[in-house]
Amino acid sequence: MSQRIDFYKASPDAIKAMMGLEQRVTKSGLDKSLVDLVRLRASQINGCAYCMDMHTADARKAGENDKEACGHMGSTVLEYVVMFLPI
């Protein structure tokens, strides 16, 4: 297994931008569970299993049930299946 990229060293400007975004979202007044579900959906779109796991756990801690936290994955799987079906 190859070693993971250290994002802080590889792209400090990108990390700085992400941290700025995180601060804005935190101060936005949006419901925490909504923010967690948006993060989860972004992770699904990006196909990052690590992030999906992390944001699913965060959504559960914020009070979301499994249906809400994981229920959106079906549409992502369907999108990939449709994309690769021979027509």
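Consider the range 22-53. How many of its residues are within 19 Å of Arg4 (Cβ to Cβ) and surrounded by 15 or more Cβ atoms within 10 Å (Cβ to Cβ)?
So the count comes out to 3.
Which ones in the range 27-52 are outside any helix (DSSP H, G or I) and not charged (D, E, K, R)?
Residues satisfying the conditions are Ser28, Gly29, Leu30, Gly47, Cys48.
Answer yes or no as to whether Arg24 is more than 13 Å from the chain's Cα centre (by Cα) and not in a helix (DSSP H, G or I).
no
Of the conditions (1) in a loop (DSSP other than H, G, I, E, B); (2) of a type outside the set (Asp, Glu); (3) modelled with pLDDT of 80 or more; (4) loosely packed, with under 11 Cβ neighbours inside 10 Å, Met1 clears all except one; give me its number.
Here Met1 clears every test but (3).
The values are calculated or read from the model by the stated rules, or taken from the named source; none is laboratory data. Keep in mind it's a predicted model, so treat the numbers as computed, not measured. When we count neighbours, we look across all protein chains shown, and the Cβ atoms used for this are built from the backbone with ideal geometry, even at glycine.
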